[in-house]
Each structure stands twice: as structure tokens, then as C-alpha cells.
Amino acid sequence: MSTDDFASRIAAAYASEGAALELGRGMSGGTVHPEAVVQVPAAMCNRHGLIAGATGTGKTKTLQLMAEQLSAMGVPVFAADVKGDLSGLSRPGEPSDRVTSRATDLGIEWSPKGFPVTFLSLGGIGPGVPVRATVSAFGPQLLAKVMDANETQASSLSLVFRYADDNGLALLDLADLREVLKFLDSDEGKEELKAIGGLSTATTGVLLRKIVELEDQGAEAFFGEPELEVADLLRTTPEGHGVVSCLELAGVQDKPRLFSTFLMWLLAELFHDLPEVGDLDKPKLVFFFDEAHLLFSDASDAFLDQVTQTVRLIRSKGVGVFFVTQLPDDVPDAILAQLGNRVQHALRAFTPRDAKALKAAVTTYPNTDDYDLEEDLTQLGTGEAMVTILSERGRPRLSCGPDCGRPCRSWPRSRQRRSTGRRATARCGRSTPRRSTASRHGRSWAPASPPPQSRPPPPTKPPRRRSRGPNQRLPGRRRRTTTSCWATSSRARAGRW
């Protein structure tokens, strides 16, 4: 196909009547065409997406580029910062000859600026506002994922949660869960569970040991109250900028199951709490799920089914979800089928699995006369990508983008300062001691049906029950109030930032 009209074809294909995220300029034959503006309509961000590529190819820059523009549009953003690179969003970038040269090549005007950022941390491990969740809210499926439990152990956990719900026992922390397990393994407790299947002593011992492992890893700091509220993530500044909630995970990099499962819990909370809004001019929140492969590694079928259901239905709540990972096949096919936008950075074919993933990725792209996809996907440089986006009418288009920010680390004192004096800090900054299941019994259990005079006082709050409907959120509690890509072949292009 002729490249004479390349720029005009791309510009026409990616024209948008409403607000749009500018991702870059089209590139043909190694030449960047400044007129070939590629962009994704803001209204299509709730169609979800995938950002994939080998390490060092620019995934973090793509995430940062999108987060900056969403914030400028007034859209709140949640992003997990595994390595601490995204903290630089809070500070203006520094001009340099390299940045100036890149901006000139792309035909854009680059001006450094910072964006409103709130730093969060799991249970206070690291700088930022501590975020916590109760064991009851986490639910048996997610907790089994954190514990690396097999199907039998996960089923037994579901039984324990069922017993706690039916008896009005609030499982706030790991100590509560331990006391319930110890009681159910006693003679009195075994009688209680006979009607619903029972709990073997061997399984109880394994679960108790796994609780000890979690406590040794510092996970007990995460389970408790006060709990993070969805409203804390949906904030804008008086100037109309969306607040970027940056979850600092550098301090828990050695606990991948914990932080990846927490992200899924948070997504389920959003699905449960937010009202149906349908299609909007721009999303209410965009959620970037970094290191997505950790969530799906060794996941049970039941867990994958619930993740798929949440991703499929949360679009109507105005929430967009972008999975960030290295290989496209890190994300299950059922979830990939729900993703309308895709930024594919370079793929490496150094191993048999890499080669297989490359061939599989190429088959999802249409034939094009402009590129040899199987070769070009391995030759893309840093900041170059094959990208599929959806137009305002839902048609697939190719997009590529330049970097406009500064992926650097801000000093710990700066992060701490930006995390103080805010509403979330006032409510979540300190843990709240409560009369939980364990504390009400002096850390020792009592019979399930004691005489009236020795019956323990009722819980201080209504019991939290699991949602069981087919369209409900992941197992948790009932709340008090849940490219040369897929484009047409004539529009399959490559580009750079």
C-alpha cells in the first residue's frame, strides 16, 4: 500500500469529536509523521485494555502517559507502583536535549508539569496512607489465593466463612480466623459442621500454618480496620484534575500474591459499590493493574470465573481496567476477549514460550501490506508499539504514543508529605481496635451454643455476609450501605512515542 497518503489516512481514522488521550504519532518506514495523530477517545477507556511488552520496552511510560492525560481531564486514576517509578507523576519533569529532540520529531509542544497524587501503602508497609481490609470483606476465594491454598483448602475456607456468617461472627483480622478454625476443630465445633460437610483436622492444621506464614510475612498489618472506602479513590482537585491514587508496592515486592489479590479485591469493591451509569463521555475511574500475571498464576477455575465476571460487568459502572504484563497470554483468553484497547510493546522470542506467544499475538492482527508483524513485533525499540484502540463508534484502530512525563522516584519525605492532611489519612491513618471475634473471647473460643447466662455479647456491628448472587462482587461481605493490531489491514501501523 502506498505511503504517500499515510499521514492523512491515520489522522482521519483517529479523529475524535470528544475528549481523547493522545498516544503519539504514526510511523512508516522508520519515519515519524507528525500529522498522523493517533488517539483513543476518553469514552472508550471503560472498554478496558492491555499494556504488554518485554521488560524495558516502555510499559511504565505508557501507563504514565495515559494517567497524566486522564488526570488532566478530571478522571481519577488508580495505579499500582511496584518499583516506585510512578511517584514521579507528582513532580514536573526536567527539560533536556533528548526530550526536546523527541518533542520536535513528534511535532508536539512539551511543557513539564506535576499532577495531584495520593500515595497509599498496604497496611502501612512503606510510605503512604495505610489501606486495610477485613478478612470477612476479602472473602474465602481471595484469601485462598493469598494463602496459595489448593481446592480442598479453599473449599474448607468457604465453609469457615459460611459458619462465621451464620453465627454473626465478624472476622476482622487473622487472629479472628485462627480462633474460629481452632474452635471448629474441637469436639464442640465438629458437631456444628456435620450438617454442612465438616472440616478435617489435617486441613485445619494446614490452614493454621498458612496463617502463621502470612503473619511472618507481615500480612497481619493489612487485615483490619478502618477499611479503604471507594469514595477515597474518586476524588478531584478544586482545579478539576483527577487525583492519581498511587499504591506503593516497593515494600511488599516479595509478597506478590498479597498485593495482586488486594488489587482484585479493590476492583470487586468498586463493582459492588458504584451505581450503573452506562456509557459516559469519560470514565469515572481508570484502574491500572500492574504485574497482572501474578493474579492469574495458579488461580483456580472458580477464581478466574469471578475475575472474568467482574471485568465483564464493571464497564457499565464507568470503570476502565488496564492490565499491565509482559506477555499477552499472561491474561486468560476469557478476560482478553473483554479488552477493547491494546498497547503491544516489543516481544522477545528468546524461549519456546516467547516464540509461541509471538505467533499467537500475530494471529490476532489482520494482514497488512505495511508491516511484517512477526518480524516487526520483535524489532520495536523502546517507546515504540503496535496499538489497537476503539474509535468512538467502537471500531478498532491503531495507536502509538509519545511520553510526556517523568518516570522517576520522588523522595520518601515528599511522598509522606503528600500523604498527610487528606481525608483518607484522617480516616485510615491509624488502625481501629474493635471487639472482634477473638477479642470478645479472650483469644480463646467458647462453645457455639453456650447457656444463656454465658452467651457472649452480640457483635458491635451487623455481621458481614458474603454476596452470593450471580451478578454480585467477588466473595466478601455485604456492605453497610460493590498496532498493527485488530484494526483493518489498511490501518495497521506502527509508531513510537
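Taking Lys and Arg as +1 and Asp and Glu as -1, the other residues whose beta-carbon sits under 10 Å from that of VAL362 total -3.
Phi angles of the stretch 336-342 translate, via the Karplus equation with coefficients 6.51, -1.76, 1.60 and θ = phi - 60°, into HN-Hα couplings of 4, 5, 8, 8, x, 10, 8 Hz per residue; Gly and Pro are given as x. Each of VAL324, VAL38 was scored by other Cβ atoms within 10 Å of its Cβ. Arranged with the fewest first, they read VAL324, VAL38.
Annotation: amide H of GLN39 within the under-5 Å range of LEU23, sequence separation 5 or more or interchain, hydrogens built in the peptide plane. Count Lys and Arg as plus one, Asp and Glu as minus one, and take only other residues whose Cβ is under 13 Å from that of ASP301; the net charge is then -2.
Site pair SER297 and THR236 shows an inter-label distance of 3.9 nm when each label is modelled 7 Å from Cα along Cα→Cβ. Here LYS113 and LEU304 are evaluated by their C-beta separation; at R0 = 30 Å the FRET efficiency comes out at 0.15.
With 26 Å as the limit, the listed pairs LYS83/LYS282; LYS282/LYS359; LYS83/LYS145; LYS61/LYS210 have LYS83/LYS282; LYS282/LYS359; LYS61/LYS210 beyond it between alpha carbons.
The Cα atoms of the stretch 1-74 give a gyration tensor whose axes a ≥ b ≥ c have a/c of 1.5 or more with a/b no greater than b/c, which makes the shape oblate.
Phi angles across the stretch 161-170 convert, under the Karplus curve 6.51 cos²θ - 1.76 cosθ + 1.60 with θ = phi - 60°, into 3J(HN,Hα) values of 5, 4, 4, 5, 5, 5, 9, x, 9, 7 Hz, Gly and Pro given as x. Going from the residue with the fewest nearby Cβ atoms within 10 Å to the one with the most, GLU392, GLU269 rank GLU392, GLU269. Proximity of backbone amide H atoms, modeled 1.01 Å from N, is registered between ASP290 and ALA80, VAL324 at under 5 Å, excluding neighbours fewer than 5 places apart on the same chain.
Backbone phi angles across the stretch 348-360, fed through the Karplus curve with coefficients 6.51, -1.76 and 1.60 (θ = phi - 60°), yield HN-Hα couplings of 9, 10, 8, 10, x, 5, 4, 5, 5, 5, 5, 4, 5 Hz in residue order; Gly and Pro are listed as x. Taking the alpha-carbon centroid of each part, what is the distance from the stretch 320-385 to the stretch 148-173 in angstrom? Using only Cα atoms, the two centres lie 39 Å from each other.
Let me make sure I get this right: for the stretch 283-352, a, b and c are the square roots of the gyration tensor eigenvalues over alpha carbons, sorted descending. Under 1.5 in a/c it's rounded, otherwise prolate if a/b > b/c, else oblate. Which is it? Taking the square roots of the gyration eigenvalues as a ≥ b ≥ c, the stretch 283-352 is oblate.
No value in this document is a laboratory result; all are computed from the given coordinates. Computed from a prediction, not measured in an experiment: that's the story for all the values here. Backbone-built Cβ (ideal geometry, glycine too); neighbour counts: all protein chains shown.
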